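**Q** Here's a structure for you.
The values are calculated or read from the model by the stated rules, or taken from the named source; none is laboratory data. Because the structure is predicted, anything quoted here is derived from the model rather than measured. Neighbour counts are summed over all protein chains in view; Cβ atoms, including those assigned to glycine, are modelled from backbone coordinates with ideal geometry.
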Amino acid sequence: MNAPAPVAAPAGRPAARPSLGALARRLGRELLIPALSILTAFLLGAGVIWLTTGSLPAVVGAYGGLLQGALGSPQAIANTLIKATPYIFAGLAVALAFKCGLFNIGAEGQVALGGLCAAFVGYNFQLPGFLHLPLALAAGLLGGFLWGAVPGFLKARTGAHEVITTIMMNYLALQFVALMLSGPMKDKHSVAAQTPHLAVTAWLPMLVPTLQLHSGVLLAAAAAGAVWWFLYRTTWGFEIRTTGANPAAARYAGMPIVRNVVLAMALSGGLAGLAGAVDVTGVALNVASPGDLGDRYFGLGFSSGYGFDSIAVALLGRSNPLGVIAAALLFGALRAGATQMQFNTQVPGEIISVIQGLILLFVAAPALVRRLYRVRAPVASGPQPALTSGWGEKV
Amino acid sequence: MTLCGQPILLVLLNLLVTTLSFATPITLGALSGVACERAGVVNIAIEGMMLCGAFAGYWAAVTTHNIWLAVGMALIVGVLMALLHGLLSITYRVDQIISGTVINILGFGITGYLYGQWYTAQAPESPGTLPIIGIPGTQVSLQFLSIVAILLVGVAHLVLNYTPWGLRVQAVGEHPQAADTVGINVRGVRYGAIVVGGLLAGLGGASYVPGYLPVFTPGMTAGYGFIALAAMIFGKWRPFGAWAAALFFGLTLALQNNMQSCGVQISPQIVGMFPYVATLLVLAGFVGRSTPPAADGVPY
């Protein structure tokens, strides 16, 4: 786990600027384990394809298709950015909770709920564009915020562990979404379980209309900046990080632990909710031809897996907003490339889940990676703090 | 007396059997959780382990045409997944939640991949399912593993509370330092416990294929591993408690199932929310209190 910055010198600037060489060395150290983890995961993924197809060209073809689908054309790059956008939001969500020492496994449900709330505002109201889109996004944010606040409140008040409560709330959210799509929010004109189409006024503006690239990726980058600013430049952010680094010290310093825990979980949920809101208002569905802008609606199975994968995104990005963006781009590229790979080679797209799972495995077990590649452990690294220090402890 | 056109006794018998059927994977999964967590290793990977067990059962069934070998293969794969969990969380002291998430993502990915690679074009039917035990005089029948699961609840209770190994498991889960001081090999006992957990989760997978269905479908455990986790918590980390919770959750699912075939329309989603709401209430302390083993989730 990425331990927050030392409590002694938190928000202040470093006394002297480190030299460029020292900075580069530090960056290299930080990136070594993630890079080796990704490499190993891809090698093992290749091994799986090789073992199951029995041919090396199949491996080359599959990874070639993956690369082509992720980066091989302007459309491919656009697809990668579109798929990376919810990963950035949801990865930031998990990372922000990590900073408070909380494990938000609930992003999956929060993403779905945020998307549903945004869709509801999007199809239910007739409003001018400058009001409609912000309201739809705000609805998604609020939905996730409130859904995330519940586990935070339960943790702070009753000691119920947020991992368990967020897992339960995931399935609760998914059942709720299915319930809404089966009746109250179902499009009467469609046989599929989906909401009516969103009004055009609630659509995210397009960056590149011919590629269906919407502006959500800019919002995601802005969100990463906002999260960084919040965590490292505001009092609340400082208190949240302190609560995560050392709850006892935070309490001794008179910080409101309950508020920090609830706030961190709620903000985390809000970011995940935005992932859903941006996806539902941005992603063009039913695109008939390259220039077509398609439809926007919320259907069953919306963004499934994003919430769980984002745990890996946050860990791979070491809970750092810039790192989360980089990790999200990789995961988005995998998702975008999977379709092309399956089309080219009939290698099932689920192989990317295997690769993502392996990346998470190696990033979470740096000692394993160091052992594999005989890399020495950094001298200063102390014992890794465990997030799950017991199921039932009260904060 | 009749209920929706059938004798009421038969309706109740049907409900009972359907309840047991739904409760079987939940019971086995919850016992897997109890085995791991009483030893202090959090297991949110029941879902992934069961899914892999079910796929292994299917693969072995269509490959060897022997359903008992298929059950064996499900058990082996369950143990392998558990050993991965152990390697990460015990040996490499990876956060146990992350380790569990790894297994869930990997389990979903690898079973989906292998199914797509091998069986998508045409999925061969396995030679059948495990024997079902008919109840004389009725059309109702009971699955083999439903009975095994009930027996295992009793076995788990006895082993956990009345054998030296079971007491060691509890010691290691409550206070590993103290256990270590009196000469218990903490890591060894924890490895043993999660291997047992892997066997139980593998059997939970086998209760899908070949226990109940002849074919595997990707993602077929559909969240039952997490309902099992809920049942374990609802049952306060005890075998009989977990079983009672599994029956309770199974009953809600069975009611929904049987009422629909009876013509009573009840939203499956509202019924589906029930186990999760119940568990949240228990966790929040509104309905009793559920306290985990003291050292659950703490690496040693």
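**Q** Say we look at region B:112-153 and pick out the residues that are in contact with a Gly (Cβ under 8 Å, 6 or more places away or on another chain) and β-branched (Val, Ile, Thr); which of these is nearest to B:Gly57 (Cα to Cα)?
**A** That would be B:Thr129.
**Q** May I pose another question? Before we move on, is A:Met180 without any contact (Cβ under 8 Å) to a residue 60 or more places away in the chain and in a helix (DSSP H, G or I)?
**A** Working: without any contact (Cβ under 8 Å) to a residue 60 or more places away in the chain: no; in a helix (DSSP H, G or I): yes.
Spelling it out, it is not the case that A:Met180 is without any contact (Cβ under 8 Å) to a residue 60 or more places away in the chain and in a helix (DSSP H, G or I).
**Q** Output the number of the condition that A:Met341 fails; it satisfies all remaining conditions of (1) surrounded by 22 or more Cβ atoms within 10 Å (Cβ to Cβ); (2) under 23 Å from A:Ala314 (Cα atoms); (3) more than 8 Å from every other protein chain (Cβ to nearest Cβ).
**A** Result: A:Met341 passes all but (2).
**Q** A follow-up question, please. Sort out which residues of region B:248-277 are closer than 30 Å to B:Ala39 by Cβ and crowded, with 22+ Cβ neighbours inside 10 Å, and write them in order of number.
**A** Within region B:248-277, B:Phe249, B:Gly250, B:Leu253, B:Pro275, B:Tyr276 qualify.
**Q** Right, here's the next one. In region B:91-112, how many residues are more than 13 Å from A:Leu360 (Cβ to Cβ) and buried (at least 24 other Cβ atoms within 10 Å of the Cβ)?
**A** As a first pass, look at region B:91-112 and keep what is more than 13 Å from A:Leu360 (Cβ to Cβ): B:91-93, B:96, B:110-112.
Retained after the next criterion (residues that are buried (at least 24 other Cβ atoms within 10 Å of the Cβ)): B:96, B:111.
The number of residues fulfilling the criteria is 2.
**Q** Hey, another quick one. Pick from region A:286-301 the residues that are among the small types (Gly, Ala, Ser) and within 30 Å of A:Phe176 (Cβ to Cβ): which of them is farthest from the chain's Cα centre (by Cα)? I'd like the intermediate steps shown before the answer.
**A** The initial filter retains those residues of region A:286-301 that are among the small types (Gly, Ala, Ser), namely A:288-289, A:291, A:294, A:299, A:301.
Applying the additional criterion that residues be within 30 Å of A:Phe176 (Cβ to Cβ) yields A:294, A:299, A:301.
Details: A:Gly294: 25, A:Gly299: 20, A:Gly301: 17 Å.
So, considering only residues that are among the small types (Gly, Ala, Ser) and within 30 Å of A:Phe176 (Cβ to Cβ), the one farthest from the chain's Cα centre (by Cα) is A:Gly294.
**Q** Moving to a separate point now. For region B:278-291: of the residues being touching a helix residue (DSSP H, G or I) at 6+ places or on another chain (Cβ under 7 Å) and within 7 Å of chain A (Cβ to nearest Cβ), which is surrounded by the most Cβ atoms within 10 Å (Cβ to Cβ)?
**A** Taking region B:278-291 and keeping what is touching a helix residue (DSSP H, G or I) at 6+ places or on another chain (Cβ under 7 Å), we get B:278-280, B:282-285, B:287-288, B:290.
Still in the list and also within 7 Å of chain A (Cβ to nearest Cβ): B:279-280, B:283-285.
Details: B:Thr279: 29, B:Leu280: 22, B:Leu283: 26, B:Ala284: 18, B:Gly285: 14.
Per the criteria, the residue is B:Thr279.
**Q** Please determine, by comparing only the residues of region B:204-223 that are crowded, with 24+ Cβ neighbours inside 10 Å and of a type in the set (A, V, I, L, M, F, W, C), which one is farthest from the other protein chains (Cβ to nearest Cβ). Walk me through it before giving the result.
**A** Taking region B:204-223 as the starting set, the residues that turn out to be crowded, with 24+ Cβ neighbours inside 10 Å are B:204-211, B:216, B:221.
Narrowing further to those that are of a type in the set (A, V, I, L, M, F, W, C): B:206, B:209, B:216.
On the way: B:Ala206: 22, B:Val209: 18, B:Phe216: 13 Å.
The selected residue is B:Ala206.
**Q** Exactly one condition in (1) part of a helix (DSSP H, G or I); (2) in contact with a helix residue (DSSP H, G or I) (Cβ under 6 Å, 6 or more places away or on another chain); (3) of a type outside the set (D, E, K, R); (4) buried (at least 22 other Cβ atoms within 10 Å of the Cβ) is not met by A:Gly323; state its number.
**A** (2)
**Q** Further question on the same structure: Within region B:35-63, count every residue that is within 13 Å of another protein chain (Cβ to nearest Cβ) and either in contact with a Pro (Cβ under 8 Å, 6 or more places away or on another chain) or in a helix (DSSP H, G or I) (or both).
**A** Taking region B:35-63 as the starting set, the residues that turn out to be within 13 Å of another protein chain (Cβ to nearest Cβ) are B:36-38, B:40-48, B:51-52, B:55, B:59.
From what's left, either in contact with a Pro (Cβ under 8 Å, 6 or more places away or on another chain) or in a helix (DSSP H, G or I) (or both): B:36-38, B:40, B:46-48, B:51-52, B:55, B:59.
Count: 11.
**Q** Within region B:118-150, can you find the residues that are within 14 Å of another protein chain (Cβ to nearest Cβ) and either crowded, with 18+ Cβ neighbours inside 10 Å or of a type in the set (Phe, Trp, Tyr) (or both)?
**A** Listed by number, the residues that qualify are B:Trp118, B:Tyr119.
**Q** Here are B:Leu84, B:Leu88: which of them is within 21 Å of A:Ile311 (Cα to Cα), more than 8 Å from chain A (Cβ to nearest Cβ) and surrounded by fewer than 24 Cβ atoms within 10 Å (Cβ to Cβ)? Explain how you work it out, then say what you get.
**A** Values: B:Leu88 fails: more than 8 Å from chain A (Cβ to nearest Cβ).
Criteria check complete, one pass: B:Leu84.
**Q** A follow-up question, please. Is it fair to say B:Pro218 is in contact with a Phe, Trp or Tyr (Cβ under 7 Å, 6 or more places away or on another chain), outside any helix (DSSP H, G or I) and either polar (S, T, N, Q) or modelled with pLDDT under 95 (or both)? Talk me through it step by step, then tell me what you get.
**A** On the way: in contact with a Phe, Trp or Tyr (Cβ under 7 Å, 6 or more places away or on another chain): yes; outside any helix (DSSP H, G or I): yes; either polar (S, T, N, Q) or modelled with pLDDT under 95 (or both): yes.
Judged against the criteria, B:Pro218 is a match.
**Q** Considering only region B:224-269, state which residues are within 11 Å of chain A (Cβ to nearest Cβ) and β-branched (Val, Ile, Thr).
**A** B:Ile227, B:Ile233
**Q** Which of the residues spanning region A:165-187 are facing chain B (nearest Cβ under 7 Å) and of a type in the set (Ser, Thr, Tyr)?
**A** A:Thr165, A:Tyr171, A:Ser182
**Q** For region A:130-144, state whether one or more residues are crowded, with 18+ Cβ neighbours inside 10 Å and closer than 30 Å to B:Asp296 by Cβ.
**A** yes
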